[in-house]
Number of protein chains: 2
Amino acid sequence: MAIKAIKPGKAVRGSTTGRPVMLMLDLLGRRWVLRILWELRGEALNFRALQSACGGLSPSVLNTRLAELREAHLVEQRPDEGYALTASGRELLNHMTPLTIWAESWAKTL
Amino acid sequence: MAIKAIKPGKAVRGSTTGRPVMLMLDLLGRRWVLRILWELRGEALNFRALQSACGGLSPSVLNTRLAELREAHLVEQRPDEGYALTASGRELLNHMTPLTIWAESWAKTL
DNA sequence: TTATATGCTACTGATATCGTAGCAAATCTC
DNA sequence: GAGATTTGCTACGATATCAGTAGCATATAA
C-alpha cells in the first residue's frame with residue numbers, strides 16, 4: 001500500500017504546484033487526520049487508545065494515517081509512551097484552536 | 001444521493017456526541033472541502049470556474065460538496081455571480097490564514 | 001505456562017471519489 | 001428564430017479509500 005509522500009514541489013491530489021498550502025490541504029483533507037491530531041492534543045496515546053479515542057476507526061486506516069503524519073513530522077512515536085504530536089504538530093494544533101472556538105458559534109446557526 | 005446533514009447534536013462520522021468541533025472536523029475532513037473554501041477566498045466563482053480552480057475535480061463531487069457547504073451555511077449561491085463564501089465561511093477562512101503561514105515553514109522541514 | 005496488552009497486518013464488503021459523457025435551460029450570435 | 005455556446009448539473013462505470021472483523025507476533029505479567 002503506497003503512501004503518498006508529502007513533499008514541497010511534489011504534486012498532490014488536485015494540485016500540481018506543490019505549494020505548501022496545497023500540501024497542507026491535501027494532508028489535512030484526508031479522512032481522520034484532523035481528528036487524530038485533535039485527539040493527541042493532550043497526552044501521548046498508544047495505538048489502541050488512539051483508536052478508541054477516534055471512535056474505533058479501523059486499525060488499517062489509523063496505521064496509514066499515522067505513517068503519513070510521521071512522514072510529515074507532525075506525529076512521532078515515543079518508546080513506552082505511544083504516539084504524540086511533534087513540535088510542528090503542536091503548532092498546527094494551536095493554530096486550529098481559533099477554529100474550534102469559531103465552530104461553537106457556527107454550530108448555533110445550523 | 002443522501003447528503004449527510006451537519007447539525008449540532010447529531011452524530012457524525014467517527015463521533016456520536018454532536019459536539020461542534022466534531023461537526024467541523026467531519027465536514028472539513030471531507031475531500032476537497034478545504035480546497036473549495038480556499039479557492040473561494042477571492043471573488044465568487046461559477047460552477048465551472050470553481051471546478052477548474054480546483055484542478056478539475058469531478059462535477060459530481062463538486063456538486064455534493066457545494067450542497068454540503070450550502071447546508072452548513074458556509075457557501076451560498078448568488079444569481080449571476082456564482083458561488084461565494086457566506087459571512088460564516090469567510091470567518092472560517094480567516095481563521096485558516098495562520099495555518100497557511102504555518103504551512104510555509106512546515107513545508108521547509110519536509 | 002498461560003494470560004493479557006500492544007502494534008499491527010490481512011481480508012472482505014461498503015462507500016467515496018474519479019473521469020467521462022452528456023442533457024436541459026439560459027444566453028449569446030447571426 | 002435557428003444554431004452555437006455557456007452553465008449547472010446528472011448518470012454511470014471504474015477505481016480508490018474506508019469500515020469492520022479476525023487474528024498474528026512480540027512483549028510483559030501472573
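Descriptive notes on the structure:
- Filter pass, B:Ser60 being part of a helix (DSSP H, G or I), out of contact with any strand residue (DSSP E or B) (no Cβ under 9 Å at 6 or more places or on another chain) and not hydrophobic (A, V, I, L, M, F, W, C): yes
- With respect to the conditions (1) in contact (Cβ under 8 Å) with a residue 40 or more places away in the chain; (2) within 15 Å of B:Leu85 (Cα to Cα), B:Leu27 falls short on a single one, namely (2).
- Here is the figure for region B:37-50: residues that are within 14 Å of another protein chain (Cβ to nearest Cβ) and open to solvent by less than 40 Å² (accessible area, probe 1.4 Å) total 5.
- A:Leu28 vs. criteria at pLDDT below 95, within 9 Å of another protein chain (Cβ to nearest Cβ) and either under 18 Å from B:Asp26 (Cβ atoms) or within 11 Å of DNA strand D (Cβ to nearest atom) (or both): yes
- Qualifying residue in region A:73-81 (condition: within 12 Å of chain B (Cβ to nearest Cβ) and either over 14 Å from the mean Cα position of the chain (by Cα) or assigned to a helix (DSSP H, G or I) (or both)): no
- Pairs where the first residue, in region A:84-96, is more than 13 Å from A:Leu28 (Cα to Cα) and touching a residue at least 24 places away in the same chain (Cβ under 8 Å) and the second is in a helix (DSSP H, G or I) and open to solvent by 10 Å² or more (accessible area, probe 1.4 Å), C-beta under 8 Å, 6+ apart: A:Leu85/A:Leu93
One line per residue, one yes/no per condition, for (1) over 26 Å from B:Ala107 (Cα atoms); (2) more than 10 Å from chain B (Cβ to nearest Cβ):
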residue: A:Leu34; (1), (2): no, no
residue: A:Arg65; (1), (2): no, yes
residue: A:Trp106; (1), (2): yes, no
residue: A:Thr109; (1), (2): yes, no
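- Lone qualifier among A:Asn63, A:Asn94 - being open to solvent by 50 Å² or more (accessible area, probe 1.4 Å), farther than 30 Å from B:Arg41 by Cβ, at pLDDT 90 or above and among the polar types (S, T, N, Q): A:Asn63
The values are calculated or read from the model by the stated rules, or taken from the named source; none is laboratory data. Computed from a predicted model, the values in this text were never measured in an experiment. Virtual Cβ from ideal backbone geometry, glycine too; neighbours counted across all protein chains shown. The accessibility values were calculated without ligands, DNA or RNA, using every heavy atom of the protein model including side chains. Shrake-Rupley method; radii C 1.70, N 1.55, O 1.52, S 1.80 Å.
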